[in-house]
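Working notes, structure below.
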Amino acid sequence: MENEVKQRREAAGLSQRELAERLGVSRQTVNSIETGKYDPSLPLAIAIARFFEASVEEMFHVDA
Amino acid sequence: MSMRNGSAPGKRAPLVVGLLAGAAVVVVLGLLVREFGPGNMGNGVLAGGSIALLGIGAAAWRAWHRPDDAGPLDRHFAGSADERDAVVLTRALAVAGVTALPLTGLATVAIAVGLRWDIALAVLLFAQLAILVVAYRREVVRG
């Protein structure tokens, strides 16, 4: 699943560590999400979307 | 909505209590086996148990003091695992669990055809540990 996390994070001027601390997960988890290796749970996906003031659909895209 | 915190240090008291309880079990079990068990199995229990406890302590220390170097298992021991850490560990344990069945069958057959039981059990134990380590590393890399 593709996502906009990296683009949104960089636009917000945050490091992976800073975003991880805000979300309450490890930096490695943020990295895995950004690289598409790990698909977050629904609660975490919602938390990410809320953090960036976007919808889950805007943040995460099912591969075409 | 709150996530389990994978970056903040977990509470240390449960780990310290767990390590002390584990040390007590290892010492009692090791001395019992050394007294009544065959060969040097008691020393093996004491050495293996001590190494395992030291490893757990070192993993937790790494999660607390070097979070960027810490892995899912480190954070589990430190009490700061997040959802991905749980997924990684669950998948690795599932692989170890599934492969334990045929491995145990093989060990049973090996004993039945004449292999010494202590050698078969030792090989079985180390094979299961090796599979767990490989499965864990694979899951960490995979995501």
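Coordinate-derived values only; no laboratory data. If you're wondering where the values come from, they're calculated on a predicted model, not measured in any experiment. For neighbour counting, all protein chains shown are included, and Cβ atoms are generated from backbone atoms with ideal geometry for every residue, glycine included.
Taking each residue of B:64-74 in turn, how many C-beta atoms of other protein chains fall within 10 Å of its C-beta, and what is the average?
Mean partner shielding for this stretch: 2.
Magnitude of the Cβ-charge dipole of the protein assembly as shown, K/R +1 and D/E -1, about the Cα centre, nearest 20 debye?
So the dipole magnitude of the protein assembly as shown works out to roughly 580 debye.
More than 25 angstrom separation, counting every C-alpha pair in chain B; what % is that?
43
When the convex hull of the Cα atoms of the protein assembly as shown is projected onto a plane and the area is averaged over all directions, what value comes out in nm²?
Taking a quarter of the hull surface, the average projection is 14.4 nm².
Order these peptides, B:129-140, B:97-108, by their mean beta-carbon neighbour count within 10 angstrom, highest first.
Top of the packing list down: B:129-140, B:97-108.
Can you work out the FRET efficiency for the pair B:ALA122 and B:THR99, with r the C-beta to C-beta distance and R0 = 22 Å, to the nearest 0.05?
Once the sixth-power term is evaluated, E becomes 0.80.
Let me have the 222 nm mean residue ellipticity of chain B computed from DSSP H runs of 4+ only, each contributing -39500 (n - 2.57), with the sum over all residues rounded to the nearest 500.
Calculated at 222 nm, the ellipticity per residue is -27500 deg cm²/dmol.
Could you give the semi-axes, largest first, of the ellipsoid that matches chain A, computed as the square roots of 5 times the alpha carbon gyration tensor eigenvalues and rounded to whole Å?
16, 13, 11
Between 0 and 90 degrees, rounded to the nearest ten: what's the tilt of helix B:13-36 against the longest Cα principal axis of chain B?
The angle comes out near 10 degrees.
Using alpha carbons only, how many degrees (0 to 90, rounded to 10) separate the axis of helix A:42-51 from the longest principal axis of chain A?
Once rounded, the angle reads 60 degrees.
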